[in-house]
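To keep things clear, I will list the structure first and then write my remarks on it.
All of the numbers you see were taken from the coordinates with simple rules; none came from a lab. Treat the numbers as computed from the prediction; the structure is a model and nothing was measured. Ideal geometry is used to build each Cβ from the backbone, glycine not excepted, and the neighbour counts take in all protein chains shown.
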Amino acid sequence: MMMHLPTFPILVPLVAGAILLLLERRQSTSVLRVGAWISMAAQVAVAVALVGAASGGEIIAYLVGDWPSRLGITLVVDRLSALMVLTTTLLAVPCLLHASAGWDKRALHFHALFQLQLAGLNGSFMTGDLFNLFVFFEVMLIASYGLLLSGALGPRIAAGLHYVVFNIAASTLFLIALGLLYGMLGTLNMAEMAVRVAETAPEDVAMVKAAAGLLLVVFCAKAALLPLYIWLPETYSRAPAAVAALFTIMTKVGLYAVLRVYTLVFGSLAGPLADFAWDALVAAGAVTLVVAAIGVVGATRLRAAVAYLVMLSAGTLFIAFALANADAISGGLYYLAHSVFVTAALFLIADLVQRQRGSMGDHLLPIAPPTRSASGMMYAIAAVSVAGLPPLSGFIGKFVVLDAVPAADTAWIWAAILGGSLLAIIGLSRTGTRLFWRVEAIGDAKPPPSPRPIEVGATVLLLAYGVAMTIGAGPILRYTDATARQVLDPGSYIQQVQDTQPQIREPSP
Amino acid sequence: MEFALATAIGVLTGGGVYLLLRARTFDVILGLTLLSYATNLLIFSAGRLVVGKPPVLLDGVEATLANHADPLPQALVLTAIVIAFAMTAVAVVVAMRNHADLRSDHVDADEPSENQR
């Protein structure tokens, strides 16, 4: 049973999604909720078991269908993939909780699509094969189209069309890159590719580099790197709250793919192509960060501001990963988990605020009756954390990344990250002031409707993750340190995947 | 043969990109379809073009690429075709909802006025 552990993060939500799809015609929403929560509990257990299995530094390669790794699909569990699966699962719990307060009744197929989205996300983190990564990207994207568009009207449909078309175009580019890489290297297994890239004939280097560059463009488009970010603010700010909160991990899938592929396949062992991507990514990350910070200041709606904060975290993470030293990657991974939780919390808070302000929504300009003080408090905690002010988790993440910047680049990278943070603080304080303080006198207007306790609970849970990450920063950073060292040592990953032999099947010639 | 295939891929990609950049949803979807055809041909050709060689192992024939066509790109193309097909269906549905809800088949759901055009 434990031997098949690597398949569970994909199989549990996939099977649950299929069953929920069958049940939803005949059963009431409460039955679907029970099913979704059973699946969610199983996924939490699996994710914890996965981190437990990987935390010792062991790399587990699972051969799907018992084919040798160079022929079939491998699933690989190392510290990085286990960490990403755990982050996804922890994020999914409050998202599902928030949706269980009522959105799942209004959106068609919500529970089935939610589980399929998780299957796609987990699969992207676990796979050791580049074409399989494409397939899981598509699973994740198709489910996300459904989640974004079910129950949609007007502007959300238009935003959804942009999102769909943009992602199909990006997927096409992904396939072109895969076709070229297969043509040049003759394999799409990442470990095997890493070996063959190092042995590329000199006349082929330019072609492989071009294909690798195309692949990088695709991942950057998913991760919303400048100038490929234009789809993000509109899509995220129009998505339903629980879905927008879950989508905060989707940009991080692109970042994960960049980190995985460009440390493993085109990393330190890649001979003529070693580490070719990083220099450009540091600069692009810094520009993204600054543009996103300006977006936060300029946003006219709270949700748009939060969408730009997602982009700001992507920019910071590109810098952290592209510095490609162990400390920066370690801080980046901590910051990744933090930013996923806190931006998700902000999307949920925006939804609470929007509901209380009635027809004003989350627009900043009109003066509305005061909102409940609880949402103001939650906004303050989330804003402190996301801006990177002490004492919460955002500060620790940014501090570790800043500390790891090499001396030669300190001046401009510190200026970009700290300047971006300053702009974010200005934007967030202005947003908070407008929404929570600049209100009209209460008079005889009736008080705003009180928020549903479950939705507040989901938000508090997300904020509690941030607090827990602050208190447990020591052990978490030790884990991410070990993760970063493992990521920067592609040799042992390749060795482990190649050494894993089929157990039942005869080794083929 | 290589030249003909490369030309076909190039023409399909060029047409696809041109249509993708137009402002009507129907054109955009056609563009995506053409692009996916071009991609399918490209992946197929990644296994090198050979004539009259089977993609499955035969008894008595040595199992090397000299005697067989590379089967993997063909399997990849099959997956890519299915996914592209599903994606086109999704895009068509979204575009139709867009048209029904917003009374416009412009990609921004917002008709440019006469003097802007």
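Descriptive notes on the structure:
- Sorting B:ARG22, A:ARG156 by the number of Cβ atoms found within 10 Å of their own Cβ, with the fewest placed first, yields B:ARG22, A:ARG156.
- Working from label points 7 Å from Cα in the Cα-to-Cβ sense, the A:ALA464 to A:LEU422 distance is 3.8 nm.
- Linear extension gain, A:LEU365 paired with A:ALA201, 0.36 nm per residue minus alpha-carbon span: 53.0 nm
- A:LEU389 long-range amide H proximity, modeled H, under 5 Å: A:PHE395
- The convex hull drawn around the Cα atoms of the stretch B:24-84, when projected onto a plane and averaged over every direction, covers 4.7 nm².
- Whether the stretch A:62-174 is rounded, prolate or oblate, judged on the alpha carbon gyration tensor where a/c under 1.5 counts as rounded: oblate
- Packing-based exposure ordering (other Cβ within 10 Å, fewest first) of A:TRP437, A:TRP103: A:TRP437, A:TRP103
- Our coupling estimate for the stretch A:460-473, obtained by passing each phi through the Karplus curve with A = 6.51, B = -1.76, C = 1.60 and θ = phi - 60°, is 4, 4, 4, 5, 5, 4, x, 5, 4, 5, 5, 5, x, 4 Hz, Gly and Pro reported as x.
- Shape category assigned to the protein assembly as shown from the gyration tensor of Cα positions, a/c cut at 1.5: prolate
- Paramagnetic reach from A:SER55 in the stretch A:116-148 [backbone N under 11 Å; point 7 Å along Cα→Cβ]: none
- At R0 = 25 Å, FRET efficiency that the Cβ-Cβ distance of A:ASP403 and A:VAL297 yields, to 0.05: 0.40
- What the Cα atoms of the stretch A:277-471 give is an Rg and a Dmax of 17.5, 62 Å.
- Dipole of the protein assembly as shown, positive direction: furthest Cα of A:GLY388, B:VAL17, A:CYS95, with charges on the beta-carbon: A:CYS95
- Karplus (6.51, -1.76, 1.60) ³J(HN,Hα), θ = phi - 60°, over the stretch A:221-236, in Hz, Gly and Pro reported as x: 5, 5, 8, 6, 7, 4, x, 9, 9, 4, 6, 5, x, 5, 4, 5
- Sites B:ARG24 and A:ALA41, calculated FRET efficiency, Cβ-Cβ separation with R0 51 Å, nearest 0.05: 0.60
- ³J(HN,Hα), Karplus 6.51/-1.76/1.60, whole Hz, each residue of the stretch A:271-285, x for Gly, Pro: x, x, 9, 4, 6, 6, 8, 5, 4, 5, 5, 4, 5, 5, x
- Of the peptides A:65-71, A:148-154, the order by per-residue mean of other Cβ atoms within 10 Å, starting with the highest, comes out as A:148-154, A:65-71.
- Order of A:GLU234, A:GLU199 - criterion: other Cβ atoms within 10 Å of each residue's Cβ, fewest first: A:GLU199, A:GLU234
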